[in-house]
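K.L.:
First the structure, which I've put down as structure tokens, then a few questions once you've had a look.
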Amino acid sequence: MSEQISRSQFEQVMVPNYNPAAMVPVRGEGSRVWDQQGREFIDFAGGIAVNSLGHCHPAMVKTLNEQGAKLWHLSNVFTNEPALKLAQTLVNTTFAERVYFANSGAEANEAALKLARRYALDHFGPDKDQILAFNQAFHGRTFFTVTVGGQAAYSDGFGPKPGAVDHIPFNDLAAFEAAISDRTCAVMMEPMQGEGGIIPADPEFIRQVRALCDKHNALLIFDEVQTGVGRTGTLYAYEQFDVVPDILTSAKGLGGGFPVAAMLTSAKIATSLKVGTHGSTYGGNPLACAVAQTVIDVVNTPEVLEGVAHRHRLFREGLEAINAKYKVFAEVRGMGLLIGAALNSDYQGRARDFLVASAEQGLMCLVAGANVVRFAPSLVISEEEIQDGLARFEAAVAQVVQG
Ligand SMILES: *Cc1c(COP(=O)(O)O)cnc(C)c1O
């Protein structure tokens, strides 16, 4: 197939909402990927924080094949063993008492927002409808979630938006205190903003948000689509902030490359999603849930989670060493294996140049906005692959610096 298919066909057959790289990857194994011409890349992108166990992890391939030969899909007219087992695992390992399955982060967030609105209606009446969210936040691309996200550029131009959604600056307690009231139905936030530039919540800010939500009977929704499933070194990032949300959404790394998402909440709040109020054809299908079960079983072990902290240190040391030589970053930040290298004033707006140069050096990485180079590799990437990838990144930095 590779002989007949090429990148140049993209403009002929695809809607132009993406502008993919010139090379077309055809195979992956662990943290290495090969393109149509057999060129090898080290993968520091991880499918944008999705491939938590790299490419074609043997345990995931085994589960996919076994479940694929057994049962793929039933609809929600029936429940199934993998979904019940995965929900039980999520209940056992998190604050949650109830689980709803979907297929993507946006869908899990859509469910969370609809649940919050319905819960407020059930318990406090129709006037409690305000949703508070943060500038630069990202929550997905459905119309509700993109409206709650904090970038007007993504939500403008599609006609009237869902109402009663307000935005405030992230980590700004005074602005938050001024905005929240008894009219607030829910606050949606990422414990660390991902697309917005790898910006962790200030621990004191997040604690005050929790306290003010309690004071005003507003639900606190943590969007852990990017930070969840071991990415930050704990199963979910909220564990490191000592703050428990009312609703949490998980996707990306949960399926490790297979589309699946989950919304977690308490038994009391879940009561508002009565029979018929919400649903999804594919959500909770046996194939997706079986794969996600394997991902969690592998990730939620001390070896893997402590390994994330160790790998974080390797990345940080490596990036700081590169910066000492080339002076391109103002700051290296992030948690676990979600790391941002923020460009200094000499390189503002040029994150994409580093990504393009990295590709030329055989390295896949990411950007988070115009000023941050982002790394989200496999949680089990080998030390040797980290060093090899960092050497390639150094060559890319040298290339950009030398123009
Ligand atoms: C990627 C992302 C989403 C959207 O997930 P999709 O699966 O693309 O719908 C939502 N929230 C956060 C924080 C994300 O990083």
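The values are calculated or read from the model by the stated rules, or taken from the named source; none is laboratory data. Only a predicted model underlies this, so the values are computations on that prediction, with no experimental measurement involved. Backbone-built Cβ (ideal geometry, glycine too); neighbour counts: all protein chains shown. For the accessible areas, the whole protein counts, side chains as well, though only heavy atoms, and no ligand, DNA or RNA atoms are used. Shrake-Rupley method; radii C 1.70, N 1.55, O 1.52, S 1.80 Å.
K.L.:
Restricting to Cα atoms and excluding each atom paired with itself, what does the Kirkwood estimate give for the chain in Å?
P.N.:
Its Kirkwood hydrodynamic radius stands at 22.0 Å.
K.L.:
Would you mind working out the magnitude of the charge dipole of the chain relative to its Cα centre, with +1 at each Lys and Arg C-beta and -1 at each Asp and Glu C-beta, to the nearest 20 Debye?
P.N.:
About 600 debye.
K.L.:
Might you report the magnitude of the Cβ-based charge dipole of the stretch 236-381 about its Cα centre, with Lys and Arg at +1 and Asp and Glu at -1, to the nearest 20 debye?
P.N.:
Using only the charged Cβ atoms, the result is roughly 300 debye.
K.L.:
Continuing with the same structure: On the accessible surface of the stretch 73-209, probed at 1.4 Å, how many percent belong to carbon and sulfur atoms?
P.N.:
Accessible surface attributable to carbon and sulfur in the stretch 73-209 totals 52 percent.
K.L.:
Note down, for the stretch 264-348, the three equivalent ellipsoid semi-axes (square root of 5 times each alpha carbon gyration tensor eigenvalue), biggest first, whole angstrom.
P.N.:
In descending order, the three semi-axes are 41, 19, 12 Å.
K.L.:
Arrange the peptides 289-302, 84-97 so that the one whose residues have, on average, the most other Cβ atoms within 10 Å appears first.
P.N.:
Packing order, densest peptide first, comes out as 289-302, 84-97.
K.L.:
Further question on the same structure: Residue farthest toward the positive end of the dipole of the chain, with Cβ of Lys/Arg at +1 and Asp/Glu at -1: which of Val367, Ala116, Ala398?
P.N.:
About the Cα centre, the residue reaching furthest to the positive side is Ala116.
K.L.:
If you don't mind, there's one more thing I want to ask. Would you mind checking the stretch 362-380 for residues with the amide N under 20 Å from a putative spin-label position 7 Å along Cα→C-beta of Glu306?
P.N.:
379-380
K.L.:
Starting from the Cα of Ala152, step 7 Å toward the Cβ, then list every residue of the stretch 122-142 with an amide N under 13 Å from that point.
P.N.:
135-136
K.L.:
Additional query: Would you mind checking which residues have amide H under 5 Å from Val26's amide H? H placed 1.01 Å from N; only 5 or more apart, or other chain.
P.N.:
The answer is Trp34, Asp35, Gln36.
K.L.:
Right, next: Lys/Arg Cβ at +1, Asp/Glu Cβ at -1, dipole of the stretch 71-299 taken about the Cα centre: which of Leu71, Gln240, Gln208 is farthest positive-ward?
P.N.:
About the Cα centre, the residue reaching furthest to the positive side is Leu71.
K.L.:
Of the DSSP beta bridges with both residues in the stretch 71-299, give the percent that are antiparallel, rounding to the nearest 5.
P.N.:
Counting only bridges with both partners in the stretch 71-299, antiparallel ones make up about 45 percent.
K.L.:
Run through the DSSP bridge list for the stretch 27-181 and note the antiparallel percent, rounded to the nearest 5.
P.N.:
Rounded to the nearest five, the antiparallel share is 65 percent.
K.L.:
Please sort 114-122, 25-33 by packing, taking for each peptide the average over its residues of neighbouring beta carbons within 10 angstrom, highest first.
P.N.:
The packing order, highest mean first, is 114-122, 25-33.
K.L.:
Another question, if that's okay. Only Lys, Arg, Asp and Glu count, each charged at its Cβ (+1, +1, -1, -1), so figure out the dipole size of the stretch 71-299 about its Cα centre, rounded to 20 debye.
P.N.:
560
K.L.:
Also, quick follow-up: With a 1.4 Å probe and all protein chains left in place, how much accessible area per residue does the chain have, in Å²?
P.N.:
I get 44 Å² per residue for this part.
K.L.:
Let me ask you something else. Step through the residues of the stretch 136-141 one at a time and calculate ³J(HN,Hα) from phi using the Karplus curve (6.51 cos²θ - 1.76 cosθ + 1.60, θ = phi - 60°), rounding each to whole Hz and writing x for Gly and Pro.
P.N.:
Values per residue, Gly and Pro as x: 6, 5, 10, 10, x, 10 Hz.
K.L.:
Using C-alpha positions alone, give me the convex hull volume of the stretch 9-145 per residue in cubic angstrom.
P.N.:
Looking at the stretch 9-145, the number lands at 217 Å³ per residue.
K.L.:
Then there's this: Considering amide H positions built from the backbone, and no H for Pro or chain starts, which residues 5 or more places from Leu363, or on another chain, come under 5 Å of its amide H?
P.N.:
Under 5 Å from the amide H of Leu363 lie the amide H atoms of Ile42, each far enough along the sequence or on another chain.
K.L.:
Can you tell me the relative contact order of the stretch 71-299? Whole percent, Cα pairs under 8 Å, sequence separation 6 or more.
P.N.:
Result for the stretch 71-299 is 29 percent.
K.L.:
While we're on this one: Report the Cα centroid-to-centroid distance between the stretch 314-357 and the stretch 91-164 in angstrom, as an integer.
P.N.:
One Cα centre to the other: 32 Å.
K.L.:
Roughly how many percent of the accessible protein surface of the stretch 299-403 is carbon and sulfur, given a 1.4 Å probe and a whole-percent answer?
P.N.:
Taking all protein chains in place, the stretch 299-403 shows 50 percent carbon and sulfur surface.
K.L.:
Below 8 Å, C-alpha to C-alpha, sequence gap of six or more: please give me the relative contact order for the chain in percent.
P.N.:
Relative contact order for the chain comes out at 22 percent.
K.L.:
Rounded to the nearest 5, what % of the DSSP beta bridges within the chain are antiparallel ones?
P.N.:
Just about 65 percent of them are antiparallel.
K.L.:
Provide the per-residue ³J(HN,Hα) series for the stretch 118-126, in order, calculated from phi with Karplus coefficients 6.51, -1.76, 1.60 and θ = phi - 60°, each as a whole number of Hz, with x at glycine and proline positions.
P.N.:
5, 4, 5, 4, 4, 9, 10, x, x
K.L.:
What is the distance in Å between the Cα centroid of the stretch 228-243 and that of the stretch 261-290?
P.N.:
Rounded to whole Å, the Cα centres lie 22 Å apart.
K.L.:
If you don't mind, there's one more thing I want to ask. Output ³J(HN,Hα) for the stretch 48-55: one whole-Hz value per residue in order, computed from phi by the Karplus curve 6.51 cos²θ - 1.76 cosθ + 1.60 with θ = phi - 60°, and x for Gly and Pro.
P.N.:
6, 6, 9, 6, 4, 10, x, 9
K.L.:
Using per-residue counts of other Cβ atoms within 10 Å, averaged over each peptide, order 126-139, 154-167, 206-219 from highest down.
P.N.:
Result, highest mean Cβ count within 10 Å first: 126-139, 206-219, 154-167.
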